[in-house]
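What follows is a short report on a single structure.
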Amino acid sequence: MPTLDHPPNAPAALPTLVAAYVEATNSFDLERLLATFADDALVNDQLRDYWGKPAIRKWAERDIIGERLTMDVTEVIEHYGNFIVTASVDGKYDKRGMPDPLVLAFYFTPHGDRIVQLIILRNRFDI
């Protein structure tokens with residue numbers, strides 16, 4: 001069976017829920033950011049799990065708002081109801097040893113009008 005070098009789905013428009021997440025991130029608005037998540041949501045960032053809003057709040061305060069993270073969305077793909085968002089990110093995080101620009105993939109799983117799962121990865125093309 002052949003493997004695909006690219007996703008099988010066509011690019012999609014940024015859905016309202018994901019747009020709300022990006023806008024809250026870019027405006028450093030913690031409460032608006034948290035409002036996009038379900039109470040029992042899971043975030044996995046830097047290979048660490050954050051379960052539920054209290055843990056997500058601590059993560060977002062430290063790693064999103066605290067680091068003044070911004071997202072410049074470059075691609076959105078809808079895949080079986082999930083959204084894969086590629087974005088160049090910037091902020092005040094420690095950039096030593098990081099590529100410039102830093103491009104991350106945000107894997108959003110929506111359920112109704114909330115995010116129930118967000119996985120953030122750096123896809124590497126150099127290996």
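The values are calculated or read from the model by the stated rules, or taken from the named source; none is laboratory data. Computed from a prediction, not measured in an experiment: that's the story for all the values here. Cβ atoms come from the backbone with ideal geometry, glycine included; neighbour counts cover every protein chain shown. Ligands, DNA and RNA are stripped out before the accessible areas are found, and what is left, the full protein with its side chains, is counted by its heavy atoms. Shrake-Rupley method; radii C 1.70, N 1.55, O 1.52, S 1.80 Å.
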Kindly provide the helix-only [θ] at 222 nm of the chain, computed as the sum of -39,500 (n - 2.57) over DSSP H runs of four or more divided by all residues, to the nearest 500 deg cm²/dmol?
-5500 deg cm²/dmol
The answer for the chain, accessible area per residue at 1.4 Å probe in Å², is 62
Grab the other residues whose beta carbon is less than 14 angstrom from that of A20, score K and R as +1, D and E as -1, and report the net.
-2
In this structure, the FRET efficiency calculated for S27 and E67 from their beta-carbon separation, with R0 = 25 Å, to the nearest 0.05, is 0.95
Once a ≥ b ≥ c are taken as the square roots of the eigenvalues of the Cα gyration tensor of the chain, is the result rounded (a/c under 1.5), prolate (a/b larger than b/c) or oblate (a/b not larger than b/c)?
oblate
Counting other Cβ atoms within 10 Å, which chymotrypsin sites (Phe, Trp or Tyr not before Pro) in the range 53-127 have at most 13 and lie in a DSSP loop?
Y80, F125
Please compute the length gained on full extension between A35 and W51, using 0.36 nm multiplied by the number of residues separating them and subtracting their Cα-Cα distance.
4.3 nm
Taking the Cα centre of the chain as the origin, how large is its charge dipole in debye, to the nearest 20, when only Lys and Arg (+1) and Asp and Glu (-1) carry charge on their Cβ atoms?
320
Near K53, which aspartates and glutamates are there with a Cα under 16 Å away, not counting those fewer than 8 places off in the same chain?
D29, E31, D39, D40, D45, E61, D63, D113
